[in-house]
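Reading through the structure tokens given below for one structure.
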Amino acid sequence: MVTEAGDRRSWLVLAGLTALAAFQPLGCEQKGKGDSALGASLSALLESAGPNVIVPALADAEAKALALDEALARLEATLTAGDDPAADQLAAQEAWRAVMSSWQRVELMQLGPLGSSLTALGGEDLRDEVYSWPSVNPCRVDQVTADGSYAKDTFFTESLVNTTGLDAVEHLLFAAAENVCPAQVTPNSDGAWEALGPDEVARRRVDYARVLTAGVLTALDDAQARFVEDGFSEALALDDPNTPYESEQQALNAVYDALFYLELSTKDKKLATPLGLRDCGETICPDDIEHLPSGFGGPAIAANLAGFRALYTGQDGARRGRSAG
């Protein structure tokens, strides 16, 4: 009964967009903007989404990722000097929370280059290069820490997304000194972790986190370039002849699909699964909570709501997110 009530409430969140879509003509139609008041409103939404919402949100995330890199550099210097790292560790964790909060707004904007190459028109999987949850693997992150492969020039081309991005940085900054791998696998089965010792583990984790943050910055820069220099903002508004969308309806559907993250990920994966309401198999599944190491799950959901509101209303995602706290 609780699940049914929750499902009913969750669908109400997207009812407005459903109503808008229902009024749009179906089938193949010529590209262009409608002459009706509704068509003008939808055209304005599509014209606003890129320059007024997505690009500012990406720029905000990039600024905060730069601050994270600076905090990690200070932590690295402290560890190298052999000084007490506690204050710099806390500062780096706080910087991670800031960039993660910013990115959680962008999670609701996965269309075009930010979207999946398998499901989104124009998708390039750039989202996964920044943050890949729920595709995470803390043990694999510990293995990479131990073997030092993060320092290879080919690391990003040879690695899966579950060892890169802000989710891996979270583990590196918030995990306990021990690794999370079973005894039967490296770096426990070969004694590599124990041989490193706590100080070297701490140093490598920061080195690894800096490599990953550099990768995040590259992905954020690439994403902004796709929307600005490469013209995806215009493509979304059907002002670019190379747009992947055949009609205004199809472009609107892309926005709608991005907003549906609130249903499929925020509600179903971040809330329902840990609470044991779906895809759990137990009474509850606390290990499936997003941001378990940092305890950032609640603020992440709040940021998802801010991102939804920004894209839905066509307002600056970074500015609206800050005003929402």
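Data for the structure
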quantity	calculated
Ala73 being within 16 Å of Arg204 (Cα to Cα), more than 19 Å from the chain's Cα centre (by Cα) and free of Cβ contacts under 8 Å to residues at least 12 places away in the same chain	no
Checklist (1) touching a Pro at 6+ places or on another chain (Cβ under 7 Å); (2) assigned to a loop (DSSP other than H, G, I, E, B) applied to Asp230, failing item	(1)
Only listed residue being touching a helix residue (DSSP H, G or I) at 6+ places or on another chain (Cβ under 6 Å), among the charged types (D, E, K, R), surrounded by fewer than 23 Cβ atoms within 10 Å (Cβ to Cβ) and farther than 30 Å from Asn253 by Cα, chosen from Asp88, Asp84	Asp88
The stretch 99-140: number of residues that are over 22 Å from Ala254 (Cβ atoms), without any contact (Cβ under 8 Å) to a residue 40 or more places away in the chain and either surrounded by 24 or more Cβ atoms within 10 Å (Cβ to Cβ) or not β-branched (Val, Ile, Thr) (or both)	3
Odd one out for Ala223, checked against (1) part of a helix (DSSP H, G or I); (2) crowded, with 20+ Cβ neighbours inside 10 Å; (3) modelled with pLDDT under 95	(3)
Verdict on Glu94 being assigned to a helix (DSSP H, G or I), more than 23 Å from Leu305 (Cβ to Cβ) and not β-branched (Val, Ile, Thr)	no
Matching residues in the stretch 141-153 - criterion: being surrounded by fewer than 15 Cβ atoms within 10 Å (Cβ to Cβ) and of a type in the set (A, V, I, L, M)	Ala151
Count - residues of the stretch 264-288 that are in a helix (DSSP H, G or I) and without any contact (Cβ under 8 Å) to a residue 40 or more places away in the chain	7
Some residue of the stretch 241-264 being modelled with pLDDT under 95, within 27 Å of Ala63 (Cα to Cα) and buried (at least 18 other Cβ atoms within 10 Å of the Cβ)	no
Gln249 being over 26 Å from Ala40 (Cα atoms) and not in a loop (DSSP other than H, G, I, E, B)	no
Residue under evaluation Lys31, criteria (1) outside any helix (DSSP H, G or I); (2) at pLDDT 95 or above; (3) of a type in the set (Lys, Arg), criterion not met	(2)
Of the criteria (1) crowded, with 19+ Cβ neighbours inside 10 Å; (2) out of contact with any Pro (no Cβ under 9 Å at 6 or more places or on another chain); (3) under 28 Å from Glu70 (Cβ atoms), which one Leu173 fails	(2)
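The values are calculated or read from the model by the stated rules, or taken from the named source; none is laboratory data. Predicted model only: the values in this text are computed from it and were never measured. Glycine also receives a Cβ, built like all others from the backbone with ideal geometry; neighbour counts cover every protein chain displayed.
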